[in-house]
Amino acid sequence: MPSALIVFIGGGLGATLRWAVTLCIGAPVATWLVNIVGSFGLAWLTARGFGSESSRLLLGTGLMGGFTTYSTFNQDTLLALEEGSIARAALNVVVTLLVCLMAGGLGFWFGRR
């Protein structure tokens, strides 16, 4: 199967999962959740090894790439600033950066066990 098709399939699945989480929870919590889970998941997959290039493309580049979303994090932060809510913007940045880094660290740790 061509690499681009593998990434396309994984990306479509990831984006659909992100959309479903957003419908169930709502922004910005859904954005935090998908980015935290995605950070953990990609780190775990990386630490465990993908097994093949196709698996890396499907699960890493595709699924996790489609599931997580920097652009929505960015938009939520900028909209909060535009509305004058510096505290909400700061909370969004702190939660996203620190918690996602911690989740990624845990993902590596669990993946290596």
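The values are calculated or read from the model by the stated rules, or taken from the named source; none is laboratory data. Note that the coordinates shown come from a computational prediction; the quantities given were computed from them, not determined experimentally. Virtual Cβ from ideal backbone geometry, glycine too; neighbours counted across all protein chains shown.
Please specify each residue of segment 54-69 satisfying the condition of being without any contact (Cβ under 8 Å) to a residue 12 or more places away in the chain and within 27 Å of residue 91 (Cα to Cα).
Once the filter is applied, which keeps residues that are without any contact (Cβ under 8 Å) to a residue 12 or more places away in the chain and within 27 Å of residue 91 (Cα to Cα), segment 54-69 yields nothing.
Condition first: closer than 20 Å to residue 107 by Cα and among the hydroxyl-bearing types (Ser, Thr, Tyr). Now tell me which residues in segment 13-62 satisfy that.
Once the filter is applied, which keeps residues that are closer than 20 Å to residue 107 by Cα and among the hydroxyl-bearing types (Ser, Thr, Tyr), segment 13-62 yields 31, 39, 46, 52, 55, 61.
Only residues that are of a type in the set (A, V, I, L, M) and either without any contact (Cβ under 8 Å) to a residue 40 or more places away in the chain or touching a Gly at 6+ places or on another chain (Cβ under 8 Å) (or both): list them for segment 18-42, please.
20, 21, 23, 25, 29, 30, 33, 34, 42
Name every residue in segment 1-15 that is at pLDDT 95 or above, over 22 Å from residue 69 (Cβ atoms) and not polar (S, T, N, Q), in order of residue number.
Passing the criteria: 2, 5.
Which of (1) free of Cβ contacts under 8 Å to residues at least 40 places away in the same chain; (2) in a helix (DSSP H, G or I) is the odd one out, the single condition residue 51 does not satisfy?
It fails just one condition, (2).
Out of 63, 79, I need the residue that is surrounded by fewer than 18 Cβ atoms within 10 Å (Cβ to Cβ), assigned to a helix (DSSP H, G or I) and either out of contact with any strand residue (DSSP E or B) (no Cβ under 6 Å at 6 or more places or on another chain) or of a type in the set (Phe, Trp, Tyr) (or both). Which one?
One residue alone meets the criteria, 79.
Filter segment 1-41 down to the residues that are among the β-branched types (Val, Ile, Thr) and within 18 Å of residue 60 (Cα to Cα) and list them by number. Walk me through it before giving the result.
Filtering segment 1-41 down to residues among the β-branched types (Val, Ile, Thr) leaves 6-7, 9, 16, 21-22, 25, 29, 31, 34, 36-37.
Once the filter is applied, which keeps residues that are among the β-branched types (Val, Ile, Thr) and within 18 Å of residue 60 (Cα to Cα), segment 1-41 yields 6, 7, 9, 16, 34, 36, 37.
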